[in-house]
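**Q** Before I ask anything, here is the structure I am working with.
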Amino acid sequence: MSDLLFIEGGRVIDPASGLDAVRTVVIRDGKIAEVTERAERPGGARTIDARGKWVTPGFIDLHVHLREPGQEYKETVATGARAAVAGGFTAVASMPNSSPPNDNASVTELILKRAEAAGLARVYPVGCISRGQKGEELAEYAELQDAGCVAVSDDGRPVSSPSLMRRALEYARVFDLPVAVHEEDLALAGKWSMHEGAAATRLGLKGMPSQAEEVMVLRDVALVELTGGRLHVQHLSAGGSVRAVREAKRRGLRVTAEAAPHHLALTDEDLARAGYDTAWKMNPPLRSAEDVQAVREGLADGTIDCIATDHAPHSPVEKDLEFDAAMNGIVGLETAFAVCLGLVRQGAFSEKRLVEALTVGPARAFGLPGGSLARGAPADVAVLDPAAVWKVEPERFHSKGRYTPWKGASLTGRCVYTLVGGTVVHAADKEGK
């Protein structure tokens, strides 16, 4: 007898299939069997009551830092995957800046083994663009892809050499791998702590101008035109970057982009009001209100393909320091849905666009399975309560990371069930949440 599960009575939002209606999702043997108005349910079949809830494809995050191997005191594959499913994410792409970096098959295979042992979110490793992320010579993309990498990136470090970036795009094109880039002109950025503007001046902190990101995006769009490669702009934060990606897409170039919830929701003035709280320090920094508005518009009109958290856990050793000295990075997997749903309520973009940017958008950007509730698709599903009000208490996070700008805030919207391959891997009611 096949294994059956019915998710009943929820509002099914599946942008990939153009569906937004109350339906029952039927799961058989780990796959979507059907999404129907009426389902004949055998007696004794397992059910989830989703009345008043949203039922969506499981979220996919193209940008997380799982810190393993080498920095397990910050996060592990298991704790990061646990945080992911608590936030509705059924799949995450792990950045390669571990210790050692993921520039060879051995590290990739270790990450995949740890993910399999955890049995939670699917983990897709991302390999290095350059050996050791040093920006000097290319890593072996064939070896990385064969081992399971779905993209290459030197995230955390920009590819400063245009000639190396050209070769990376050419080499990755052979394997149809996206080249995911952290765009920052180091010479223009200088030594900085936040966005360059009036807020930085008032706080007495050195700022990084938006143009430090924009000029690198423009450079790499030009290199995509030269090479025919596949570029993915990570954590896009500047208005000029949005314009560059929009123009690249208009011209038919293979360019995709992501934006993080904090760059959609917060500005440098918000940071200033928070004082010198290092839970507000990240790279790229929180930008001006004008930049934030441009990024929101870019997500709303599809210029930006997806929302990605840039979940970057650190320990107190790196964060409980003077603002200038603290490391960049905050956690985001467990707050992303609520933060972005708040922006929907503000009118920044639609409910459909939010779900699209968390599901089929990232799936298409990296060519990953999932992102849809189509018949036969993997039963990776999120059941969400858009009305659930909860307080952000970092000490209750599943992630080892505790640094978030939303500490103590009251947010609305939470994941109540997460299924991966038809298996319930997160149930909020069992955790008293």
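The values are calculated or read from the model by the stated rules, or taken from the named source; none is laboratory data. Predicted model only: the values in this text are computed from it and were never measured. Counting neighbours? That spans all protein chains shown, and the Cβs are built from the backbone with ideal geometry, glycine included.
**Q** Within the set of pairs 6+ apart or on separate chains, which have a first residue in region 314-333 that is free of Cβ contacts under 8 Å to residues at least 60 places away in the same chain, a second that is assigned to a helix (DSSP H, G or I), and C-beta atoms under 8 Å apart?
**A** Between residues of region 314-333 that are free of Cβ contacts under 8 Å to residues at least 60 places away in the same chain and residues that are assigned to a helix (DSSP H, G or I), the close pairs are Asp320/Thr278; Leu321/Thr278; Ala326/Thr278; Ala326/Glu318; Ala326/Lys319; Met327/Glu318; Met327/Lys319.
**Q** Shifting gears a bit: List the helices (runs of 4 or more DSSP H) that sit entirely inside region 311-430 and contain at least 3 residues that are of a type outside the set (A, V, I, L, M, F, W, C) and more than 20 Å from Ala83 (Cβ to Cβ). Spell out the reasoning first.
**A** Working: elements: 316-319, 336-345, 351-358, 360-366.
Qualifying helices (runs of 4 or more DSSP H): 351-358.
**Q** Please tell me if Arg375 is under 30 Å from Leu4 (Cβ atoms), out of contact with any Cys (no Cβ under 9 Å at 6 or more places or on another chain) and surrounded by fewer than 21 Cβ atoms within 10 Å (Cβ to Cβ).
**A** yes
**Q** Is it the case, given these coordinates, that Glu393 is acidic (Asp, Glu) and buried (at least 23 other Cβ atoms within 10 Å of the Cβ)?
**A** Considered against the rule, which asks whether it is acidic (Asp, Glu) and buried (at least 23 other Cβ atoms within 10 Å of the Cβ), Glu393 comes out as no.
**Q** Please go through region 329-386 and give me each residue that is in contact with a His (Cβ under 8 Å, 6 or more places away or on another chain) and within 18 Å of Asp301 (Cα to Cα), ordered by number.
**A** Scanning region 329-386 gives a single hit, Ala365.
**Q** So which of Ser193, Ser210, Ser160, Ser106 ends up being among the hydroxyl-bearing types (Ser, Thr, Tyr) and more than 24 Å from the chain's Cα centre (by Cα)?
**A** Ser106
**Q** Does Ala259 meet the test of being over 20 Å from the mean Cα position of the chain (by Cα), at pLDDT 95 or above and surrounded by 21 or more Cβ atoms within 10 Å (Cβ to Cβ)?
**A** no
**Q** Given the condition surrounded by fewer than 16 Cβ atoms within 10 Å (Cβ to Cβ) and in contact with a helix residue (DSSP H, G or I) (Cβ under 7 Å, 6 or more places away or on another chain), answer yes or no: does some residue in region 114-135 qualify?
**A** no
**Q** With in contact with a Ser or Thr (Cβ under 9 Å, 6 or more places away or on another chain) and buried (at least 17 other Cβ atoms within 10 Å of the Cβ) as the only criterion, which of Leu354, Leu343, Leu358, Leu321 stands out?
**A** Just one listed residue meets the conditions, Leu358.
**Q** Can you spot a residue in region 94-103 that is in a loop (DSSP other than H, G, I, E, B), at positive phi and not small (Gly, Ala, Ser)?
**A** Looking through region 94-103, none of the residues is in a loop (DSSP other than H, G, I, E, B), at positive phi and not small (Gly, Ala, Ser).
**Q** Just to confirm my filter: which helices (runs of 4 or more DSSP H) fall fully inside region 142-214 and include at least 2 residues that are assigned by TED's automatic domain parsing to the domain that holds Val107, over 20 Å from Arg287 (Cβ atoms) and of a type in the set (Gly, Ala, Ser)?
**A** Per the criteria, 162-174.
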